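The values are calculated or read from the model by the stated rules, or taken from the named source; none is laboratory data. Note that the structure is predicted; figures quoted are calculated from it, not measured. For neighbour counting, all protein chains shown are included, and Cβ atoms are generated from backbone atoms with ideal geometry for every residue, glycine included. Side chains are part of the model used for accessible areas, which takes the heavy atoms of the whole protein and leaves out ligands, DNA and RNA. Shrake-Rupley method; radii C 1.70, N 1.55, O 1.52, S 1.80 Å.
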Amino acid sequence: MVVEESEETYLDEMLANFKGVFPTTRVFSAYARSTLKDIDPQDGPDDVLMAWMEREEILFRTLERHMVADRLSKGFDGDVDSFMSFSLSVQNRRKSRVGLALENHLEELFAGCGVRYSRTAVTENRSKPDFIFPGQAEYHDPLFNPLNLTMLGVKSTCKDRWRQVLVEADRIEKKHLLTLEAAISSNQTDEMKAKNLQLVLPRRLHSTYLGTQQVWLMDLASFTALIAERQSV
């Protein structure tokens, strides 16, 4: 994802709001959205999601740069273990944040589009799919038509981890996976199709795929329209 280097205009506000510490990912995601006041999920889910993600990335890098520089300026008095622990905490925060931010923004987007969902609902074998539509109660209701159930896994990058979603909701035959990963190989997407897994990406990323792949890809607007149609039954 290409983002601007920083957004210094918000630094003082973030330092005041967050009291010099990193907030939870949910709080930070909400703050990032609040800086884009004229965006409405119903105006175009694909562009809205990318705008929220890119704004959060800019703000995170701005705050992180300041806080890391501040900590480094204080030094570690030759304590290697303290330095290594600090370095590891920075790396771990970077790794975990993007995936959680993506889920946070999707949750807000689904709510804004008026579709019902459960986040991390428990299914068979204590699996916790990222999103179940219309919800956990319907999923566990044996009288609820499974054709009106939808599962969405969310992974900012796929690599080989996409197979994890295949076992997360036994009642749902065709599963959906949303990612921000560009240009996944044809071999991988062919395997996804063979496993009855539909890949969902923001429309802007479709052009990074081959033409033969693009006809199969689903964008976020089409996915939310599918959910809305199923929930209108």
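Tabulated data for the structure shown
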item: Asp130 - accessible surface, heavy atoms, 1.4 Å probe, Å² rounded to 10; result: 20 Å²
item: On Cα atoms only, tilt of 220-231 relative to the major axis of the chain in degrees; result: 50 degrees
item: Label corresponding to Cα extents along the principal axes in Å when calculated from the structure given, among (i) 49, 38, 38; (ii) 52, 34, 31; (iii) 62, 39, 39; result: (iii)
item: 5 angstrom amide H check on Ala169, placed H, neighbours 5+ away; result: none
item: Nearby lysines by direct alpha-carbon distance to Lys195 (threshold 16 angstrom, same-chain neighbours under 8 apart not counted); result: Lys159, Lys174, Lys175
item: Computed accessible area, Met50, all protein chains, 1.4 angstrom probe, square angstrom; result: 10 Å²
item: Largest-first ordering by accessible area, 1.4 Å probe, given options Tyr139, Tyr10; result: Tyr10, Tyr139
item: Hypothetical label at Arg171: residues of segment 123-140 whose amide nitrogen lies under 11 Å (7 Å Cα-Cβ projection); result: 123-124, 133-140
item: From phi via Karplus (6.51, -1.76, 1.60), per-residue ³J(HN,Hα) for segment 126-138 in Hz, x at Gly/Pro; result: 6, 5, 10, x, 4, 9, 10, 10, x, x, 5, 4, 5
item: Protein-only accessible surface order, largest first, of Leu100, Leu199, Leu11 at 1.4 Å; result: Leu100, Leu11, Leu199
item: Exposed GluC sites (Glu not before Pro) absent - longest run of the chain, DSSP non-H/G/I/E/B, at most 15 other C-beta within 10 Å; result: 6-172
item: Accessible area (Å², 1.4 Å probe, nearest 10) - Thr123; result: 10 Å²
item: Value of D in µm² per second that Stokes-Einstein yields for segment 5-57, Kirkwood Rh from Cα pairs, at 37 °C (0.692 mPa s); result: 275 µm²/s
item: Karplus-derived HN-Hα couplings along segment 190-206 (A = 6.51, B = -1.76, C = 1.60, θ = phi - 60°), whole Hz, x at Gly and Pro; result: 5, 5, 4, 4, 5, 8, 6, 10, 9, 8, 10, 9, x, 3, 4, 7, 4
item: Residue order for Lys37, Lys128 - accessible surface, 1.4 angstrom probe, largest first; result: Lys37, Lys128
item: Antiparallel DSSP beta bridges within segment 77-233, as percent of all bridges there, nearest 5; result: 35 percent
item: Extended-chain gain in nm, criterion 0.36 nm per residue less alpha-carbon gap, Ser89 and Asn145; result: 15.6 nm
item: Kirkwood Rh and Cα Rg combined as Rg/Rh, segment 117-227; result: 0.97
item: Average accessible surface area per residue within the chain, 1.4 Å rolling probe, Å²; result: 52 Å²
item: Apportionment of accessible area to carbon and sulfur, the chain, percent (1.4 Å); result: 51 percent
item: Sparse-neighbour loop sites [trypsin sites (Lys or Arg not before Pro); segment 122-166; at most 13 other C-beta within 10 Å; DSSP]; result: Lys159
item: Rg/Rg_globular for segment 1-115, with Rg_globular taken as 2.2 N^0.38 Å and Rg from C-alpha atoms; result: 1.19
item: Segment 74-130: translational diffusion in µm²/s, Stokes-Einstein, Kirkwood Rh over Cα pairs, 25 °C, 0.890 mPa s; result: 169 µm²/s
item: Positive-end residue, the chain charge dipole about Cα centroid, Cβ charges, pick of Thr25, Leu226, Leu15; result: Leu226
item: Relative contact order (%) - the chain, alpha-carbon pairs under 8 angstrom, separation at least six; result: 17 percent
